[in-house]
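A short write-up of the structure that comes next.
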Amino acid sequence: MEFASEEKSTVDASKERTLAEMSKLVTELNQRIAAKKSQLEPIIEELRPLREEFREVQEKHDQLKKEYDATSAGLENETSRLQQVRPFESRVSGVFSMVLESHAEDTQK
């Protein structure tokens, strides 16, 4: 029984040392965290208005992009339509030239 008591005392002492070491480690970690937090606090405060400015610029960019895309699509449609009209335009121009030539010949006679 004495052996068991000594063994228990040894284990308890070991646990106590481990607990003290862990407590010391936790305290050190908390101090490091607090130091980093105080180091980062001014940077975070500087970052907040920049984030807001970024959001505003992003919203404006998105709005302008939508306008650009709509305008671009409209121009592409108009270009396509004009390209379809061009062959007819040249045929009409040719016919018009022939009419003018014929009219000029008739007036010379």
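Among the residues of the stretch 64-76, not a single one is over 18 Å from the mean Cα position of the chain (by Cα), of a type in the set (Lys, Arg) and surrounded by 10 or more Cβ atoms within 10 Å (Cβ to Cβ). Of the residues examined, Leu25 is not one that is aliphatic (A, V, I, L, M), under 40 Å from the mean Cα position of the chain (by Cα) and modelled with pLDDT of 95 or more.
The values are calculated or read from the model by the stated rules, or taken from the named source; none is laboratory data. Quick caveat, the model's predicted, so the values are computed rather than measured. Positions of Cβ are backbone-derived with ideal geometry, glycine not excepted, and every protein chain shown enters the neighbour counts.
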